[in-house]
Amino acid sequence: MSASSRGGQQRIPRPDGWSLGSPAPWPPEANLDLDAIERHLTDRVVSSQRTGAPPPKRHSAVLIALYADPEVTVVLTRRTQKMRTHSGEVSFPGGAQDPGETLWETACREAREEVQLDTSLLKRIGELDHLTTVSSRARIVPYVTRLEQAPSLVANPDEVDAILRVPLPELLLPGVYREEIWKWPGSTEERPVYFFEIDGDTIWGATANLLRQLLVTALIGDAKNENKP
């Protein structure tokens, strides 16, 4: 992947006065193994991440589906431009909780609706830290799962412009990951915002935050001792 092909047309509401943050927290040369990811997630202590967002208005869940083919690969989507919120952005399958369902059921339902993922094939292996988004004030519970082989997927054209199968090693390439320090409007507190510039798309915001958590967990182990935002 050439540097010139990285990044997409996503609208980034970057505030004035932002600055570059810290480099990638993982080693420059690292190996990703799905069995090791599962072991680290099993031992991981889950918490609620401080993002500077107001109290959540709604509860939601996302599904992080991983498989090895042969590299560890994650399923992402690019949302259509007609979506009411986060249009055109890269995200995990997921959405708001419906009455009467658990958040795990929410994540699975949304994955079936968005990409026709056969959720009976999933093995649930852990969670990442819960977080609340600043823009939509949604509390997100991220469930990490694994599949024994590459799944058959079909995009729902009402919600998904494209299905992205992103090898995790691609996220470790030089120049792909970036951290920026933003001061949100109306706040005096600065917060890190994460980016991954992949081939044809920019992953940022909550999705990049969760991918960073996943990589830290996979490559460093339990991230509870890291100075998390």
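The values are calculated or read from the model by the stated rules, or taken from the named source; none is laboratory data. The structure presented is a predicted model; accordingly, all values stated were derived computationally and were not measured. Here the Cβ is made from the backbone with ideal geometry for all residues, glycine too, and neighbour counts use every protein chain on show.
GLY95 satisfies every condition listed in (1) modelled with pLDDT under 95; (2) closer than 15 Å to LEU215 by Cα; (3) not in a loop (DSSP other than H, G, I, E, B) except (2). Is it fair to say GLU105 is under 26 Å from GLY8 (Cα atoms) and in a helix (DSSP H, G or I)? In short, no.
Considering region 84-127 alone, what residues qualify as being more than 18 Å from the chain's Cα centre (by Cα) and small (Gly, Ala, Ser)? Answer for region 84-127, where residues must be more than 18 Å from the chain's Cα centre (by Cα) and small (Gly, Ala, Ser): GLY100, SER120. Looking across region 120-137, the residues that are surrounded by fewer than 22 Cβ atoms within 10 Å (Cβ to Cβ) and either free of Cβ contacts under 8 Å to residues at least 40 places away in the same chain or in a strand (DSSP E or B) (or both) come down to SER120, LEU121, LYS123, ARG124, ILE125, GLY126, GLU127, HIS130.
Contact annotation: residue pairs with Cβ atoms under 6 Å, 6 or more positions apart or on different chains, pairing a residue in region 202-220 that is in contact (Cβ under 8 Å) with a residue 24 or more places away in the chain and more than 24 Å from PRO13 (Cβ to Cβ) with a partner that is among the small types (Gly, Ala, Ser) and surrounded by 21 or more Cβ atoms within 10 Å (Cβ to Cβ), are VAL216/ALA223; THR217/ALA223.
Of all the residues in region 175-193, those that are in a loop (DSSP other than H, G, I, E, B), surrounded by fewer than 18 Cβ atoms within 10 Å (Cβ to Cβ) and touching a residue at least 60 places away in the same chain (Cβ under 8 Å) number 5.
Filtered by the rule that a residue be under 26 Å from ALA218 (Cα atoms), part of a loop (DSSP other than H, G, I, E, B) and under 18 Å from the mean Cα position of the chain (by Cα), region 146-170 gives a lone residue, LEU147. Scanning region 1-30 for residues that are among the polar types (S, T, N, Q) and without any contact (Cβ under 8 Å) to a residue 24 or more places away in the chain yields SER2, SER4. Here ARG112 fulfils each of the conditions (1) among the basic types (Lys, Arg); (2) touching a strand residue (DSSP E or B) at 6+ places or on another chain (Cβ under 7 Å); (3) assigned to a helix (DSSP H, G or I) apart from (2).
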